[in-house]
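Worksheet: the structure to be examined is printed underneath.
Each reported figure results from applying straightforward, stated rules to the coordinates on display, with no laboratory input. Note that the structure is predicted; figures quoted are calculated from it, not measured.
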Amino acid sequence: MTAPAAPTAAPTADSIVPFVAGIFERRGSEEYLGEPVTMAEHMLQAAHFAEQAHEPEVVIVAALLHDLGHFTSEFGTFSMADTRDRHHEEAGAAVLAPFFPPLVIDCVRHHVAAKRYLCATDPDYFNALSAASVHSLSLQGGPMPADEARAFGELDNAAAIVRVRRYDDMGKEAALATPPFDHFAPMIARVVAAHTSR
Ligand SMILES: [Fe+2]
């Protein structure tokens, strides 16, 4: 069976769940550079760890979607100049912003900054990072200076952003069994419905 083609229209509140499902289905088997998991396994593991920690659905959904911006070619904004890791957090936040509450968008937008924050504020954090994550840290600007870390800690959703970052870091386990995407799809639908029906 051939995989369905990427949608050509921008998602709506009605199509955002199938839009995300399509990305997981068509693109999920792509390699997560330098890690022993695919992109889909990584995002499912992050959501799984959030669920195991009894997080509210909105945080589980944020963990599930945090790296969606890696697939910028799905958003109709692809350029040949794009590289895999260039501002993927902003691209993900932009495509999700019309449908999800600020907590989800903040977790997506700030998940790279959260790594820089934790490297500056938690001495044990850096030592536990994967080799690929240490490598990308230098490309991302290294640990935050004190004034930037102070401002980050005062963001509205700082606590949730940091927790999602930790689930992100945990989601790199080879051959870990997690629930499939379909387990999380109704949670995405409920979070979207709660936000867009206001
Ligand atoms: Fe990630």
Can you give the Rg and Dmax of segment 121-183 based on its C-alpha atoms, in angstrom? 14.3, 42
Rg and Dmax in Å for the chain, alpha carbons only: what are they? 16.1, 54
